[in-house]
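Everything on this sheet refers to the single structure shown next.
FYI, it's all coordinate maths here, none of it is from the lab. Since the model is a prediction, treat every value here as computed from it, not as a measurement. Glycine also receives a Cβ, built like all others from the backbone with ideal geometry; neighbour counts cover every protein chain displayed.
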Amino acid sequence: MGFPIDRPRRLRRTETLRRMVRETRLSPDNLIQPLFVCPGKDVARPVPSMPGVAQMSVDRIIAAAREIHAAGVPAVILFGIPERKDARGSEAWNDSGEVQRAIRGIKEHAPGLAVLTDVCMCEYTDHGHCGVLKDGDVDNDATLEVLAREALSHARAGADIVAPSDMMDGRVGAIRRALDENGFTQVAIMAYAAKFASAFYGPFRDAAESTPRFGDRRSYQMDPPNGNEAIREVALDLEEGADIVMVKPALAYLDLIYRVKHDFMVPVAAYNVSGEYAMIRAAGLNGWIDEERAVMEVLTSIRRAGADMILTYFATDVARRLSA
Ligand code: PBG
């Protein structure tokens, strides 16, 4: 065969034909909207490096959640910015903390929306690292206990899915045990399984006020060149009881989204992170690219690689456009 019999252009001739042979679809069902919960009342503080994203107080979060749900997005993931920070990050498991109150409020006012919570210490510790420190580094095993407490507090408030993003070894198992021992066998775990020490988290750290005071996260987050190690991280998290595994960031790691989906055949999430958002928004606002098309192309590529779910700051806008 081959040319002149084969002419792939035949099926590209009209939008109708293109629609009929389109292999990958992006639906609002695939999207998860991240939200930043801060103290106060009626607060919406824009994040300078993420135009269109703001930290919001619980009342504003609840209003936003209703709109997100109305736009057809099935889920939000909450990040907390606490009133006080300390060495152990103890606000993380305060049952009346920002995230916990936001969960209860969303469950009351937008009950159909699934609520995920980011489980990590970096927003809550005064040093900004993702766990408890010992001799200038994060103490893995001591951190497991505080992460389990945080996850349990989120579960008590009504979270559907807890999502540990700290990258400690053994944290999925520790959280699963704590949830089960306390009657939360139905709360699922989305593990940030292959999370890399990435330059693309910069804007998020402005949004979450979680930049480490010293050093970096390379002793716990993965080294970007490592693909096989990512597969091993995913295998370990699944053995420990993860229900959904995540690859993060998305765009520089599409190969790993593909490998994880094919090797494990479990629900796979990908995080289209803050730096990926900021790049597209900045170029769009400057008129350098067509933002709407770029966003659709990028999110569709993450789906094509194999992600079932995409955490993205574009979620609500895209869902509105998809159902318009
Ligand atoms: C917390 C956490 C981070 C992100 C999600 N959870 C930042 C980090 O590890 O420094 C990044 C999300 C984004 O960049 O959009 N550990």
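Restricting the first residue to region 208-232 and requiring it to be within 15 Å of Met168 (Cβ to Cβ), which pairs with a second residue that is near the ligand (Cβ under 9 Å from one of its atoms) meet a Cβ separation below 6 Å and a spacing of at least six or different chains?
From residues that are within 15 Å of Met168 (Cβ to Cβ), the pairs are Arg217/Ala197; Arg218/Ala197; Tyr220/Met167; Gln221/Met167; Gln221/Lys195; Gln221/Ala197.
In region 268-316, what count of residues is obtained for those that are of a type in the set (D, E, K, R) and within 16 Å of the ligand (Cβ to nearest atom)?
Number of matching residues: 2.
Among the residues of region 1-49 satisfying the criterion of being among the aliphatic types (A, V, I, L, M) and in a loop (DSSP other than H, G, I, E, B), which is nearest to Ala307 (Cα to Cα)?
Top of the filtered list is Leu26.
Could you tell me whether Ala44 is within 16 Å of the ligand (Cβ to nearest atom), surrounded by fewer than 20 Cβ atoms within 10 Å (Cβ to Cβ) and under 25 Å from Phe200 (Cα atoms)?
It is false that Ala44 is within 16 Å of the ligand (Cβ to nearest atom), surrounded by fewer than 20 Cβ atoms within 10 Å (Cβ to Cβ) and under 25 Å from Phe200 (Cα atoms).
I need the full set of residues from region 78-88 which are touching an Asp or Glu at 6+ places or on another chain (Cβ under 8 Å) and either under 13 Å from His154 (Cα atoms) or free of Cβ contacts under 8 Å to residues at least 60 places away in the same chain (or both), in order please.
Leu78, Phe79, Gly80, Pro82, Glu83, Arg84, Lys85, Asp86, Ala87
If you check every pair at least six apart or on different chains, which have Cβ atoms under 8 Å apart with a residue in region 129-143 that is in contact (Cβ under 8 Å) with a residue 24 or more places away in the chain first and a residue that is among the acidic types (Asp, Glu) second?
Qualifying pairs under 8 Å: Cys130/Asp166; Gly131/Asp139; Gly131/Asp166; Val132/Asp139; Leu133/Asp139; Asn140/Asp169; Thr143/Asp166.
Considering region 192-237 alone, what residues qualify as being within 15 Å of the chain's Cα centre (by Cα) and more than 12 Å from the ligand (Cβ to nearest atom)?
If the condition is that a residue be within 15 Å of the chain's Cα centre (by Cα) and more than 12 Å from the ligand (Cβ to nearest atom), then Ala193, Ala194 are the ones that fit.
Answer with yes or no whether Ala174 is surrounded by 23 or more Cβ atoms within 10 Å (Cβ to Cβ) and either away from the ligand (no atom under 16 Å from the Cβ) or among the polar types (S, T, N, Q) (or both).
Spelling it out, it is not the case that Ala174 is surrounded by 23 or more Cβ atoms within 10 Å (Cβ to Cβ) and either away from the ligand (no atom under 16 Å from the Cβ) or among the polar types (S, T, N, Q) (or both).
Please determine, by comparing only the residues of region 134-166 that are in a strand (DSSP E or B) and away from the ligand (no atom under 15 Å from the Cβ), which one is farthest from Ala207 (Cα to Cα).
Lys134
So, of the residues in region 243-256 that are part of a helix (DSSP H, G or I) and within 16 Å of the ligand (Cβ to nearest atom), which turns out to be surrounded by the most Cβ atoms within 10 Å (Cβ to Cβ)?
Among those that are part of a helix (DSSP H, G or I) and within 16 Å of the ligand (Cβ to nearest atom), it is Tyr253.
Which of the residues that make up region 184-219 are buried (at least 17 other Cβ atoms within 10 Å of the Cβ), in contact with a helix residue (DSSP H, G or I) (Cβ under 8 Å, 6 or more places away or on another chain) and assigned to a loop (DSSP other than H, G, I, E, B)?
Within region 184-219, Phe184, Val187, Ser198, Ser210 qualify.
For the subset of region 132-171 comprising residues that are among the acidic types (Asp, Glu) and over 18 Å from Gln100 (Cα atoms), which member is surrounded by the fewest Cβ atoms within 10 Å (Cβ to Cβ)?
That would be Asp135.
With the structure loaded, tell me whether Lys85 is of a type in the set (Lys, Arg) and surrounded by 12 or more Cβ atoms within 10 Å (Cβ to Cβ) or whether it fails that test.
Yes; evaluated as a whole, the condition is true for this residue.
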